[in-house]
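The structure appears right after this line, and notes come after that.
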């Protein structure tokens, strides 16, 4: 028996099918590790032996004990173990961890960049050992990120607020967002005028012309209007020139994320999740790459498909050199594994992403499009004001646009005119406008900027976006990323105290050094020590020197303390900025960021519990409004009383309208509905952070079911049993994996 270990069950299923066709004896058994099997323990700096050479002490990922036990049992029976994890640093690291944890003596490492029968057969013919350089590169990145995050986060807890975090790559990305936000804040809009003339040609065609100048002064705009009204316009120049439009290179990870965002509205994380499914099903090549290279066999197949689908005049084979100095030419760009398939995928979003990848792949092996661009210029008789112009274009040969029509744009055909033709001016007007600040970054725009500056790598972009949002440092407004008050404070603190370590140059150079470990041209320990020794020294220095951020500056003068009438300052809470009396803690006056008074009086009970006699309050907390039964416990240590009972208030309920009767209903949760007739274990109903649910408390893993239509306060045991019998819907999340 030959055991093949991959990461995901979906990938295992596809590979097992192909191995069955390759090996008729059925010797191959394919199993999945379901991602990483070992990792560094969270928030434990001691798990890394710094003095001993930055040696990490890994632990089995919680919940993976059963997977390891099953794989170990199969490995002992196997004549050969093949580690077929993904063809990148992360995959190499998973393969190494599997080898260590399963105590494999001579495992074979096989690599393929597409899950096809041909690629797997080829990989089996060329097994190799685990690439230690690649494995060390991933380990160096993991250890470094953990140490930087641990030390910086600890300092921010002390100086800014408990619970915040910082990271080696996340912090430079936040800095870039904040730099743009400061540009927006500092921007002073200016008024300008767009002047247009609606005209008719001698052949009675309509022609809209726009003034080439956009004056800032209304008097200048009025002068132009008067001149055109008085003298009219005549054609002064007509030009046409043919231009070629070349298709963009095949997709890399970052360009796929950017294009999927602009065309399909997908976030980077969603794009990678969908691409992962397409890859595991064998529809596309590996989706983590920064190479635009296409292999010779792939180019031949693509060319043949173009000739068949569009005609020989559309085919034009092209080879590309990857610009990224870190890309490996053995890797290919993201492309379909079978270009003849016009559609692939099991969901609408998979089909759309596949079609986008296919269109880009075909387009770059096709002839350039030919576009005729035209321009008409017109002036007044005495030419005393700037010229007016109209531009247009039309496709004269669609070329690659045949495969990717969404990239075509709109054809604008201009009417036929000749130099000297007088144009009838039907209307000329000036529209007052104001200059606008630079736009905030979208996720796609930030990825493009990070790539341009050499910050991060394709596999990390999606996780950077997720982290910034999850930490509460940025919030999405439409597609734009707006820094929150918390993000502003954290970034400002890091910029003031660690400018070098979050700079573009330093971060990009560090990425290059980590890449050099993968190449075998740099040493693991020396690289980490050269970085970490001065970094830790700087952290300790700032721990002593940097003051704690207690306020964020004065508030507008019109807002005075509602208690003492004194000055106020902005401060930061978990909910964002608020105004606090400058004399705090002597005075506890407070306002919201908008100036509304925050009451400092203790909450008044809405009634008492009929059984216990305890007061019941309506309060507001980190996760929203809730009701509380009993007082907050006082004192510390062993004599501390139990915490009061609490329950969330439904989102649709106004907290100000909650009655004692309502509160008693809310406090009835969690409710025990009864016991399961087969297991004898409890079934409960409750409300959590993600809404109402029922849970069958089977051990070791309870069975949770969200309640979409049933009332959590009224549901009874028979209905709960019906829900538990229904097939459990899988959540739409990908397995945890560094991206």
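The values are calculated or read from the model by the stated rules, or taken from the named source; none is laboratory data. The shown structure was predicted, so the numbers you read here are calculated from the model rather than taken from an experiment. Note: ideal-geometry Cβ built from the backbone for every residue, glycine included; neighbour counts use all protein chains shown.
Each row is one residue, and each column tells you yes or no for (1) in contact (Cβ under 8 Å) with a residue 12 or more places away in the chain; (2) in a strand (DSSP E or B).
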position: 228; (1), (2): yes, no
position: 234; (1), (2): yes, yes
position: 237; (1), (2): yes, yes
position: 240; (1), (2): yes, yes
position: 255; (1), (2): no, no
position: 259; (1), (2): yes, no
position: 262; (1), (2): yes, no
position: 269; (1), (2): yes, no
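Inspect segment 564-583 for any residue being modelled with pLDDT of 85 or more and more than 26 Å from residue 160 (Cα to Cα) and give the result as yes or no.
yes
Here's the yes/no breakdown for (1) part of a loop (DSSP other than H, G, I, E, B); (2) touching a strand residue (DSSP E or B) at 6+ places or on another chain (Cβ under 8 Å); (3) modelled with pLDDT of 95 or more; (4) more than 19 Å from residue 129 (Cα to Cα):
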| site | (1), (2), (3), (4) |
| --- | --- |
| 46 | no, no, no, yes |
| 51 | yes, no, no, yes |
| 63 | yes, no, no, yes |
| 76 | no, no, no, yes |
| 82 | no, yes, yes, no |
| 95 | no, yes, yes, no |
| 98 | no, yes, yes, no |
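Checking residue 158 against (1) assigned to a loop (DSSP other than H, G, I, E, B); (2) at pLDDT below 90, which single condition isn't satisfied?
For residue 158, the failing item is (1).
Please specify each residue of segment 288-304 satisfying the condition of being within 18 Å of residue 343 (Cβ to Cβ) and in contact with a strand residue (DSSP E or B) (Cβ under 9 Å, 6 or more places away or on another chain). Lay out the reasoning, then the answer.
Pass one, segment 288-304, residues within 18 Å of residue 343 (Cβ to Cβ): 301-302.
Of everything in segment 288-304, just one residue is within 18 Å of residue 343 (Cβ to Cβ) and in contact with a strand residue (DSSP E or B) (Cβ under 9 Å, 6 or more places away or on another chain), namely 302.
Quick one: count up the residues across segment 50-77 that are more than 29 Å from residue 148 (Cα to Cα), surrounded by 11 or more Cβ atoms within 10 Å (Cβ to Cβ) and touching a residue at least 60 places away in the same chain (Cβ under 8 Å).
Total satisfying the criteria: 3.
Is there a residue being closer than 29 Å to residue 438 by Cβ, part of a loop (DSSP other than H, G, I, E, B), within 27 Å of the chain's Cα centre (by Cα) and at pLDDT 90 or above anywhere in segment 509-526?
Scanning segment 509-526 turns up no residue that is closer than 29 Å to residue 438 by Cβ, part of a loop (DSSP other than H, G, I, E, B), within 27 Å of the chain's Cα centre (by Cα) and at pLDDT 90 or above.
To keep it simple, each residue is scored yes or no on (1) more than 21 Å from residue 458 (Cα to Cα); (2) modelled with pLDDT of 95 or more.
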residue	(1), (2)
296	yes, no
304	yes, yes
311	yes, yes
324	no, no
341	yes, yes
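In the list 110, 94, which residue meets the criterion of being out of contact with any helix residue (DSSP H, G or I) (no Cβ under 8 Å at 6 or more places or on another chain) and either under 30 Å from residue 527 (Cα atoms) or assigned by TED's automatic domain parsing to the domain that holds residue 525 (or both)? So that I can check it myself, show each step before the final result.
Working: 110 fails: out of contact with any helix residue (DSSP H, G or I) (no Cβ under 8 Å at 6 or more places or on another chain).
Unique residue meeting the criteria: 94.
Would you tally the residues in segment 161-176 being out of contact with any helix residue (DSSP H, G or I) (no Cβ under 7 Å at 6 or more places or on another chain) and modelled with pLDDT of 90 or more?
0
Exactly one condition in (1) more than 30 Å from residue 188 (Cβ to Cβ); (2) assigned by TED's automatic domain parsing to the domain that holds residue 198; (3) surrounded by fewer than 18 Cβ atoms within 10 Å (Cβ to Cβ) is not met by residue 223; state its number.
Of the numbered conditions (1) more than 30 Å from residue 188 (Cβ to Cβ); (2) assigned by TED's automatic domain parsing to the domain that holds residue 198; (3) surrounded by fewer than 18 Cβ atoms within 10 Å (Cβ to Cβ), the odd one out for residue 223 is (1).
Each row is one residue, and each column tells you yes or no for (1) modelled with pLDDT of 85 or more; (2) touching a strand residue (DSSP E or B) at 6+ places or on another chain (Cβ under 8 Å); (3) crowded, with 16+ Cβ neighbours inside 10 Å; (4) not in a helix (DSSP H, G or I).
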{"residue": "651", "(1), (2), (3), (4)": "no, yes, no, yes"}
{"residue": "663", "(1), (2), (3), (4)": "yes, yes, yes, no"}
{"residue": "672", "(1), (2), (3), (4)": "yes, yes, no, yes"}
{"residue": "677", "(1), (2), (3), (4)": "yes, no, no, yes"}
{"residue": "684", "(1), (2), (3), (4)": "yes, yes, yes, yes"}
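If residue 549 meets every condition in (1) assigned to a helix (DSSP H, G or I); (2) within 31 Å of the chain's Cα centre (by Cα) apart from one, which number is that one?
Condition not satisfied by residue 549: (1).
Of all residues in segment 112-146 being within 25 Å of residue 40 (Cβ to Cβ) and without any contact (Cβ under 8 Å) to a residue 40 or more places away in the chain, which is surrounded by the fewest Cβ atoms within 10 Å (Cβ to Cβ)?
Let us first name the residues in segment 112-146 that are within 25 Å of residue 40 (Cβ to Cβ), namely 129-146.
Still in the running and without any contact (Cβ under 8 Å) to a residue 40 or more places away in the chain: 129, 131-132, 145.
On the way: 129: 10, 131: 17, 132: 13, 145: 17.
Taking the candidates together, the pick is 129.
Between 601, 558, 586, which is assigned to a loop (DSSP other than H, G, I, E, B), modelled with pLDDT of 90 or more and out of contact with any strand residue (DSSP E or B) (no Cβ under 9 Å at 6 or more places or on another chain)?
So the residue among 601, 558, 586 that is assigned to a loop (DSSP other than H, G, I, E, B), modelled with pLDDT of 90 or more and out of contact with any strand residue (DSSP E or B) (no Cβ under 9 Å at 6 or more places or on another chain) is 558.
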